[in-house]
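The structure appears right after this line, and notes come after that.
No lab work stands behind these numbers, since they all come straight from the coordinates. Bear in mind that the values here come from a model prediction, so they are computed numbers and not experimental data. Every residue, glycine as well, gets a Cβ built from its backbone with ideal geometry; the counts of neighbours run over all protein chains shown.
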Amino acid sequence: MMRVTLIPLLLACVLPAASAESIKLPHGARLSIDKRGLQLETAGGATRASLPLRARHLDYRSGTALVVDANSERAVAVTVDAAAGTLTARTVLDGAAVAPDAACLYQDTQGLLHAFVVGKDGQAEQWLLPAADDPAAPARLVRKLALPPHSNACLVHDASAALVVSEEDFGAWAYNAEAEAPPARRALALRKPYGKLAQAPHGLAPAGGGVTLLDGKGKAMQTIALRSDLPPAVIVQPLVQTETMPRMGDAADDPAIWADRQRPGQGRILGTNKKQGLHVYDLQGRQLQMLASGRLNNVDLRQDVLLDGQRYDLAMATQRDENSLVLYTIDAAGTVAEAARFPTPLERIYGICLYQPGTGGVEAFVNDKDGSFLQYRIGRSGGAFTASLVRRFKLGTQPEGCVADDRNGRLFAGEEKRGVWSLDARSTTVAEPRLVLPVGAHLRADVEGMALYHGARASYLVVSSQGSNSYLVTDAAAPHRIVGSFRIGFNTGAGIDGASETDGLDVTSANLGGRFEKGMLVVQDGYKRLPDGAQNFKYVAWDDIARALALP
């Protein structure tokens, strides 16, 4: 198992507005705010530097302080050099729409520094601050949030990624500070009659393992432990993101990768839109086609398929309005065209994956939300494509993602709440699913997209662990040893956010040119950030994953 290093924290006390705030820095120095502004002082109390402003709220991380200028209604990030005795205002957050009544910092597991600004009316924003070594770079809006009105203090517990806010006359709440995490909140402590507190907290202070609630005099009322139970994972960065879906909400779902064998840089990404149809992107993320095929869910493809004496590149998707299969052809230029539709007896069609048996041709596994799987053989006769049902089997509860190992004749099928099953992919055998990767410490429900990477030295199964916003990598061969887990973080240089709550994914070892020479992973991103927007897909170089997980 890989280890993740937690960044040492220096958190601020957020005290009532009438009180001075101060933070002890390493080597005895101190930061404080009062009516004169932000002060950097020695251990003996002598002022070394001062930044004049009408300051409210103070927070600090790794050489950066955050204060609110009450006159300009802006949050200001300040570089603190205790050794040199200097304070340098480097970033003013343009949160004019918020008019911050509270502000706090957050340093994520990637080491990036974020600022939260919280308005009196409940409007809030999360900003990505520039690195200390690039002070001229602008801050970037990550997302907008809705927090309780009259939130008079905020504090982030970095280790658990919990944004804690104190709601005036009501109590303290915890939200996800991680922008890629799903929106959620929970009550930490509320005043009577909603909870057990005699009075609502007036401020917040860091505790070693959580947060301390403060009363109106700055005295501790209660300390609350905060922790994260997410499995450890390394972080990789996406190199490309696609254009966003034309509609907001849960639209993007599942990608498939088409490789141009003659021109590696001219590959295509097919991505389903659960509200409209099929999108086709180039390797720079630009949309080239949109096929209005209806509400498509999952898509998969196979290349160089021999049918009735001709070779085809074929893709197939599930169509949820008709409970049907939609077959597409892909020509040598990467142009996708709808070729046929096949009805199924399923009532709630869901996931699909394709399989090329060693005997030739192509087959499709399609599932229903009730756990049913149907296996179809795709053919061609009289100038038309055909589909014939060759096998049925069932899992206990709702499946979706699946992937066939053509080399070894195996099918991996995901049961969302239970894990990954393996069974013989051959239609002539009795289906006997075996649970090979159960939901637990490493794999968190829902189990979603999955794909196989066939490398020169080894093959790997990649699974979307939606409950932990991560991706689990195991050996494709039994006993399916877990080789690592990774998350997709921000690529600040390219202005691309991370990926989270991934439904579908695909991976290939084919040469796609440039940074994707050793292959590519494509994932659906459930929450588009930096800034907020409609969903899209992210491209990650396999080289980066292999390096992060020390794969051969």
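Here is how the numbers come out for the structure above:
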quantity: Alpha-carbon spread of the range 21-225, three principal axes, descending order, Å; calculated: 51, 36, 32
quantity: Sites R515 and A198, calculated FRET efficiency, Cβ-Cβ separation with R0 60 Å, nearest 0.05; calculated: 0.55
quantity: Rounded Å value of the spacing that divides the Cα centres of the range 190-227 and the range 471-531; calculated: 40
quantity: Electrostatic dipole magnitude of the range 41-122 [Cβ: Lys, Arg +1; Asp, Glu -1; Cα centre; debye, to 20]; calculated: 160
quantity: Positive-end residue of S324, G440, I496, charge dipole of the chain with Cβ unit charges; calculated: G440
quantity: Alpha-carbon centroid distance for the pair the range 377-433 / the range 142-182, whole angstrom; calculated: 44
quantity: Size of electric dipole in the chain: Cβ of Lys, Arg +1 and of Asp, Glu -1, about Cα centre, debye, nearest 20; calculated: 760
quantity: Sorted by Cβ neighbour density within 10 Å, fewest at the top, the residues R547, R311; calculated: R311, R547
quantity: Equivalent ellipsoid, the range 268-316 (semi-axes from 5 times Cα gyration tensor eigenvalues, Å); calculated: 22, 14, 8
quantity: Coil-residue trypsin sites (Lys or Arg not before Pro) of the range 469-539, DSSP, other Cβ within 10 Å capped at 11; calculated: R481
quantity: Dipole of the range 105-163 [Lys/Arg +1, Asp/Glu -1 at C-beta], most positive-end residue of A161, F116, L147; calculated: L147
quantity: Surrounding net charge for T242, when Lys and Arg each add one and Asp and Glu each subtract one, Cβ distance under 14 Å; calculated: -3
quantity: Neighbour net charge for Q222 - beta-carbon separation under 12 angstrom, K R +1, D E -1; calculated: +2
quantity: Total formal charge among the other residues, if their Cβ is under 12 angstrom from that of A55, Lys/Arg +1 and Asp/Glu -1; calculated: +1
quantity: Rough spin-label spacing in nm, given labels placed 7 Å along Cα→Cβ, for D304 and D81; calculated: 6.0
quantity: 222 nm mean residue ellipticity, helices alone, for the chain (DSSP H n ≥ 4; -39,500 (n - 2.57); rounded to 500); calculated: -500 deg cm²/dmol
quantity: Orientation-averaged projected area, Cα convex hull of the range 402-542 (nm²); calculated: 9.2
quantity: The range 46-64 and the range 274-292: distance between their alpha carbon centers, rounded to Å; calculated: 49
quantity: Relative contact order (%) - the range 234-549, alpha-carbon pairs under 8 angstrom, separation at least six; calculated: 17
quantity: Efficiency of FRET from Cβ geometry, D543 and D134, R₀ 35 Å, rounded to 0.05; calculated: 0.85
quantity: Where GluC sites (Glu not before Pro) fall in DSSP loop in the range 266-351, at most 10 other Cβ within 10 Å; calculated: E347
quantity: The chain, relative contact order [Cα under 8 Å, separation at least 6], %; calculated: 10
quantity: Too-long pairs where the Cα-Cα distance tops 18 Å, listed order kept, from K369/K394; K120/K144; K144/K528; K369/K417; K394/K417; K417/K528; calculated: K417/K528
quantity: Efficiency of FRET from Cβ geometry, T88 and R348, R₀ 41 Å, rounded to 0.05; calculated: 0.10
quantity: Cα-centred dipole magnitude for the range 21-225, charges only on beta-carbon of K, R (+1) and D, E (-1), debye, nearest 20; calculated: 520
quantity: Sparse-neighbour loop sites [trypsin sites (Lys or Arg not before Pro); the range 72-166; at most 11 other C-beta within 10 Å; DSSP]; calculated: none
